[in-house]
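Visitor: Following this message is one structure expressed as structure tokens.
The values are calculated or read from the model by the stated rules, or taken from the named source; none is laboratory data. Source: prediction; values computed, not measured. Here the Cβ is made from the backbone with ideal geometry for all residues, glycine too, and neighbour counts use every protein chain on show. The protein model used for the area step is the full one, side chains on, heavy atoms only, and it has no ligands, DNA or RNA in it. Shrake-Rupley method; radii C 1.70, N 1.55, O 1.52, S 1.80 Å.
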Amino acid sequence: KPVWLGYDPNHQGRDDAALTVIAPPDQAGVGKFRVLAKFRLNGMDFQEQADFIRSIARRFNVTDIAIDARGGIGAAVLQLVQRWFPNVRAIEYTVAVKAALVLKGQSLFRQGRVEFDQGWSDVMQAFMAIRPTTTGSGRGVTYTAGRNGQIGHADIAWAILHAFSNEPLDIAADAEGIGTAQVVFSD
């Protein structure tokens, strides 16, 4: 079956790097996403990170790869992956993109559409570390995560969200022929 890869690179040694393997739902908009594997790629340069992604892609039927391409390392990894996977998606972070990623994740969890190994406490902790904060200008809301030794900078959660983003935000409404969706924020 097809899988999607989500990748969050490290940024000049300031945080961890994470790669996730996600089995998308058999039925778009209603089925479950299953997190099959997660990897931390710490201490690797951009070439080693790209090579690792390729080694994982060879083990699975990969139909989508999404990479955070901001900054030097992410852009370099994206360029190398693009050589053998031309349809790789670049995630270019903006306030709106971050919000869409988080809203998609919240929606999927609320709908019970996400499954992962119950022993992977780092995955849930990484998602719980992502918090709304005020933008630098003070005029909007963005999402950030503090850093700690166990979950890094919520890198596993961001990598999972990158993969989830291959399913549009409004897919359930499209599948049901409904043109609106409700979003609920919670702390």
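Visitor: Suppose R0 equals 45 Å. What FRET efficiency, 1/(1 + (r/R0)^6) with r the Cβ-Cβ distance, do Leu169 and Gln47 give to the nearest 0.05?
Guide: In this case the efficiency is close to 0.85.
Visitor: Out of all DSSP beta bridges with both ends in the range 1-147, state the antiparallel percent to the nearest 5.
Guide: 60 percent
Visitor: Subtracting the Cα-Cα distance from 0.36 nm times the residue separation, let me have the gained length for Gln125 to Gln79 in nm, one decimal.
Guide: Here the segment from Gln125 to Gln79 would lengthen by 13.5 nm.
Visitor: From the phi angles alone, apply the Karplus equation (6.51, -1.76, 1.60; θ = phi - 60°) to the range 92-105 and give each ³J(HN,Hα) in whole Hz, x where the residue is Gly or Pro.
Guide: Values, residue by residue: 9, 5, 9, 4, 5, 5, 4, 4, 4, 4, 5, 4, 4, x Hz.
Visitor: Can you tally the net charge around Asn166? Count Lys and Arg as +1, Asp and Glu as -1, for every other residue whose Cβ sits under 12 Å from the Cβ of Asn166.
Guide: Net local charge, Asn166 excluded: 0.
Visitor: So, one more: How much of the accessible area of the range 1-97, probe 1.4 Å, is carbon plus sulfur, in whole percent?
Guide: Solvent-exposed carbon and sulfur of the range 1-97 make up 50 percent of the total.
Visitor: Could you check the simple spin-label distance between Phe39 and Thr94, using points 7 Å along Cα→Cβ, in nm with one decimal?
Guide: 3.2 nm
Visitor: With an 8 Å cut-off on Cα pairs and a minimum separation of 6 or more residues, tell me the relative contact order of the range 1-63 in percent.
Guide: Once divided by the residue count of the range 1-63, the mean separation gives 34 percent.
Visitor: Further question on the same structure: Between Gln118 and Asn61, what length in nm is gained on full extension when 0.36 nm per residue of separation is reduced by their alpha carbon distance?
Guide: 18.1 nm
Visitor: Here's another thing I want to ask about it. Using the basic label-point model (7 angstrom from Cα toward the beta carbon), what is the Ser137 to Ala28 distance in nanometres?
Guide: 3.4 nm
Visitor: In percent, how large is the relative contact order of the range 43-140, given Cα pairs closer than 8 Å and 6 or more residues apart?
Guide: Relative contact order here is 21 percent.
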